[in-house]
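Where a number appears in this text, it was derived from the coordinates with a stated rule and is not lab data. All of these numbers come straight from a predicted model, not from anything done at the bench. Reconstructed Cβ throughout: ideal geometry from the backbone, glycine too, with neighbour counts over all protein chains shown.
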Amino acid sequence: MRSEAARSAQAAELFLARFGAAPDGVWLAPGRANLMGEHTDYNDGFVLPFALSQGTTAAAGYRPDRRLVLCSRQEPGREVELALDDLAPGQVTGWAAYPAGIAWALSAAGYQVPGACIAIDSDLPAGAGLSSSAALECATALALLALLALPAPSPIPRPALAAIAQRAENEFVGVPSGIMDQSASLLGQAGHALLLDCRSLETAQVPFDPAAADARLMLVNTRAKHELSDGEYGQRRAECEQAARLLGVPSLRSVTDVRELDRLADPVLRRRARHIVADNQRVLEVVGLLRSASGAGGSGAGAYRDIGRLLTAAHLSLRDDFEVSWAEADAAVDAALAAGALGARMMGGGFGGSVLALVPRRAGGQIREAVAETFGRHAWTAPEFLDAVPSASARRLALQLGSPGSQGGTPCRYETKPRRSRARLPSCGTRSTASPRSAWTCPRPKPRCWRRWTVCRSRSAPGRGSAR
Ligand code: GAF
């Protein structure tokens, strides 16, 4: 795993290479894994995710106009420049819709979002079901809040920020996701899973230390790409809402006894609802087991064995009742269990993405081999294995200006030698192929803006805004 200093330096270098100046700061938001509670969030239920050590950085710099310029190391050639005042749902597509949606949702919530240049980098594999979208949203949100021209009177509470990020995703991007992913990224704590009651939005940090029980969590990226926007996710959501309507309850969270589901005549709706009711119960059981493991004074090995069994039960429920699993996930779960995993299940929205396996520490190698061998037999793309370590939430990183041999450390090449006549605002929007000195063009020659830019650029960390 890269250190925070290395991540910050790489993010700043990316910004410098593209925008010709050091950023005002670098913010990191983690992806998430989910221990238990799948598709329960939009049913007002319980979820138990945790923040990963892998995440997304946003290196950001204030700009004095009302434009947002976005580039990403993972999306070369797909840079986007937008006018903040023209942002509207559905207007931006592709990867940039997520950060643009954040600017839109923050403005809608009353924040004076500033113009900004933002360079994105990530070590979360896209489409692996590890919430790279939520991480992108949350890193952008912290960056824009820190660059606010007028500091907010008080820091925005993280749960409120999660709701703003969810709104960006639901309304601006058009993906009907729940609140779990943003909450995990913004509220996770190292060594803990986050118990979130999606009805009351109450949270609790639950100690989660598989290593104490000589176990570890392994993620298997099955390389089958998952997309929440492709319809099946929305269909499951609609089925759950229909089941709740037919049962006469505000949401499936209100059902705690599966026998109540006998009133549903439609077998498909009954199966969908059964998964939700059972997964809510599994979340609470896992929380009980984790608490007993951390309070017992012993290793908690027995509790982790039971958690493993619950993981596998959840997989069967997602596969057979909710019908969101996919061939590679089923094969990875079977292979992992046969090779000694304590439990395993598909994770996230489904139809692609990753499997989470709880494995005895010493069995990691043989489980990886068994899963890889299974994929080879099917002639599937080789899976990717990642460690899932419960980690800290989104945060500002100390700005590292330059690693040995880089050009880092240059605060802004426009600060000291602005052109005397026809000075141009060093827009980060348009880059020519000419020499670095003339690399920036701007349609509006405004020496005053220029001065403001240089003043602002010399105001370095900590930022102006309220975000941490
Ligand atoms: C995706 C969604 F974004 C979450 O809100 C959640 O519904 C999850 O799928 C399934 O549990 O990650």
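Counting other Cβ atoms within 10 Å of each Cβ, which GluC sites (Glu not before Pro) in the range 165-241 have at most 13 and sit in a DSSP loop? Walk me through the intermediate numbers first.
On the way: sites: Glu169, Glu171, Glu202, Glu227, Glu232, Glu239, Glu241; in loops: Glu202, Glu227.
Here the sparse-neighbourhood loop sites are Glu202.
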query: Plugging the Kirkwood radius over Cα pairs into Stokes-Einstein for the range 124-235, at a temperature of 10 °C and a viscosity of 1.306 mPa s, what D comes out in µm²/s?
result: 100 µm²/s
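Counting Lys +1, Arg +1, Asp -1, Glu -1, what net charge surrounds Trp104 among other residues with beta carbon under 15 Å of its beta carbon? Don't skip to the answer; put the middle values down first.
Numbers: positive: Arg66, Arg67, Arg167; negative: Asp85, Asp86, Glu137, Glu169, Glu171.
In short, -2.
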- request: List the residues whose amide H sits under 5 Å from the amide H of Gly25, counting only those 5 or more places along or on another chain, with H placed 1.01 Å from N in the peptide plane.
  value: Ala60
field: Sequence of Cys198, Cys138 once ranked by neighbouring C-beta atoms within 10 Å, starting from the fewest
entry: Cys198, Cys138
statement: For the range 203-340, the Debye formula with one identical point scatterer on each Cα and no solvent gives log10 I(q)/I(0) at q = 0.10, 0.11, 0.17 Å⁻¹ as -0.43, -0.52, -1.07
